[in-house]
Amino acid sequence: MKKLIQAFITVFAVSFLLIFVVNRLNAAEGYAGNDTLTVYNWGEYIDPELIQQFEEETGIKVIYETFDSNEAMMVKIDQGGTAYDIAIPSEYAIERMKENDALIPLDHSKLPNLKNIDERFLDLSFDPGNKYSVPYFWGTVGIVYNPTMLEEGRTFTSWDDLWAPDLRNQILLVDGAREVIGFGLNSLNYSLNDRNKAHLQEAKEKLVKLQPNIKAIVGDEIKMLMVNEEAPIGVVWSGDAADMMWENENLDYAVPMEGSNLWFDNMVIPKTAKNIDGAHKFINFMLEAEVAAQNADYVGYSTPNKAAMELLPEETINDERFYPSPELTKKLEVYENLGPDMLNYYNELYLEFKMHAK
């Protein structure tokens, strides 16, 4: 009898250990279900204190992973190795994910805080009725610059200002095909979603003429380089500019008068999700006015949450560099899904331009 009891205890202990190990492995891979939530976001794009607050309020453990491009994010989700419950793609990526049946429709009854989003940022072309997505942050692409490193009085009101002969080896560009080809098109008063190949070639040829002024084409390190005054000018996203300006008060930011990109990053639930209820709880949590205000203050990007804006300092929401005037906003464009063939063409032109920039 003792041997039988010991055998039973041994089997029970081994089974318990196996279950524990499997659950830990699954959690690491985002498969743990209702007690964990796997969030896939851009780097440095959420206040870590809010993750801890969500965990404390819900009892759900957050597994947080980051990506550095929409394309990398979509490939990882398509591969299906990790069961992401939340992802935060940009608008054109959402269109592609919808086409690929990679998203779960949102249950708006579980998102009462959706009422806090400014109506201007709802029901947009990339997701009518917000069936699949909820706005997270928005912003622009523009020029960050350091007046103390440039001739006195130098400003940047036009994209053409970048081509000034005296700016040789002075400009950093963010490494993005849509961003670089986009401002090349805008400088010619073309749409940054232009599909006319003659216009695109014209933009590339103009960008090649910018080559003498380009110091480097870089990724996230552009923030450190600008803050450390390694270069006086950069083409960046507005949120990155806000971070730089917070760390170096000499910096300023401008959106050129010809227009630029108006981008949106949005919370979605991928088809890989294992904790759909928890995903809705996370989205609704991030839509709370106090939470959205704290997140906007930490990240530095513009919030689409009108309830949160009432909690932010007046100097923040009245700063037209980051909350542009209606007149300038009319000239801003959301990236459209160009389709695979045209997107490949943009990428080819961008690679040709980069070869000249070396």
Scan of the stretch 172-222 for residues that are in contact with a strand residue (DSSP E or B) (Cβ under 8 Å, 6 or more places away or on another chain), in a helix (DSSP H, G or I) and not polar (S, T, N, Q), ordered by number: Arg178, Glu179, Val180, Gly182, Phe183, Ile222
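Pull up the stretch 125-135, narrow it to residues that are crowded, with 18+ Cβ neighbours inside 10 Å and out of contact with any strand residue (DSSP E or B) (no Cβ under 6 Å at 6 or more places or on another chain), then point me to the one that is farthest from Glu288 (Cα to Cα).
Here is the first cut: in the stretch 125-135, the ones crowded, with 18+ Cβ neighbours inside 10 Å are 126-127, 130, 132-135.
Checking the rest, the ones that are also out of contact with any strand residue (DSSP E or B) (no Cβ under 6 Å at 6 or more places or on another chain) come to 126-127, 130.
On the way: Phe126: 24, Asp127: 22, Asn130: 18 Å.
My answer is Phe126.
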Qualifying positions in the stretch 284-322 - in contact with a strand residue (DSSP E or B) (Cβ under 6 Å, 6 or more places away or on another chain) and assigned to a helix (DSSP H, G or I): Ala292
Of all residues in the stretch 105-142 being free of Cβ contacts under 8 Å to residues at least 60 places away in the same chain and polar (S, T, N, Q), the one that is farthest from Lys281 (Cα to Cα): Asn130
Only one of Ala72, Ala83 that is over 23 Å from Glu290 (Cα atoms), open to solvent by 30 Å² or more (accessible area, probe 1.4 Å) and modelled with pLDDT of 90 or more: Ala72
Residue match in the stretch 270-279 (condition: modelled with pLDDT of 95 or more, under 25 Å from Gln52 (Cβ atoms), part of a loop (DSSP other than H, G, I, E, B) and not polar (S, T, N, Q)): yes
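Matching residues to (1) out of contact with any Leu (no Cβ under 9 Å at 6 or more places or on another chain); (2) assigned to a helix (DSSP H, G or I); (3) farther than 24 Å from Leu185 by Cβ; (4) of a type in the set (Gly, Ala, Ser):
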residue	(1), (2), (3), (4)
Asp78	yes, yes, yes, no
Tyr84	yes, no, yes, no
Pro135	no, no, yes, no
Gly139	no, no, no, yes
Glu151	yes, no, yes, no
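On the given criteria, is Pro324 surrounded by 21 or more Cβ atoms within 10 Å (Cβ to Cβ), out of contact with any helix residue (DSSP H, G or I) (no Cβ under 7 Å at 6 or more places or on another chain) and over 22 Å from Gly219 (Cβ atoms)?
Details: surrounded by 21 or more Cβ atoms within 10 Å (Cβ to Cβ): yes; out of contact with any helix residue (DSSP H, G or I) (no Cβ under 7 Å at 6 or more places or on another chain): yes; over 22 Å from Gly219 (Cβ atoms): yes.
Yes; evaluated as a whole, the condition is true for this residue.
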Close pairs (6 angstrom Cβ cut-off, 6 or more residues apart or separate chains): over 14 Å from Tyr40 (Cβ atoms) in the stretch 266-292, crowded, with 21+ Cβ neighbours inside 10 Å and among the hydroxyl-bearing types (Ser, Thr, Tyr) anywhere: Ala292/Thr303
Every residue from the stretch 184-207 that is surrounded by fewer than 16 Cβ atoms within 10 Å (Cβ to Cβ) and in contact (Cβ under 8 Å) with a residue 24 or more places away in the chain: Asn189, Ser191, Arg195, Lys197, Gln201
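The values are calculated or read from the model by the stated rules, or taken from the named source; none is laboratory data. All of these numbers come straight from a predicted model, not from anything done at the bench. Positions of Cβ are generated from backbone atoms using ideal geometry, with glycine treated the same way; all protein chains shown enter the neighbour counts. We work out accessible area using only protein heavy atoms, side chains counted, and drop any ligands, DNA or RNA first. Shrake-Rupley method; radii C 1.70, N 1.55, O 1.52, S 1.80 Å.
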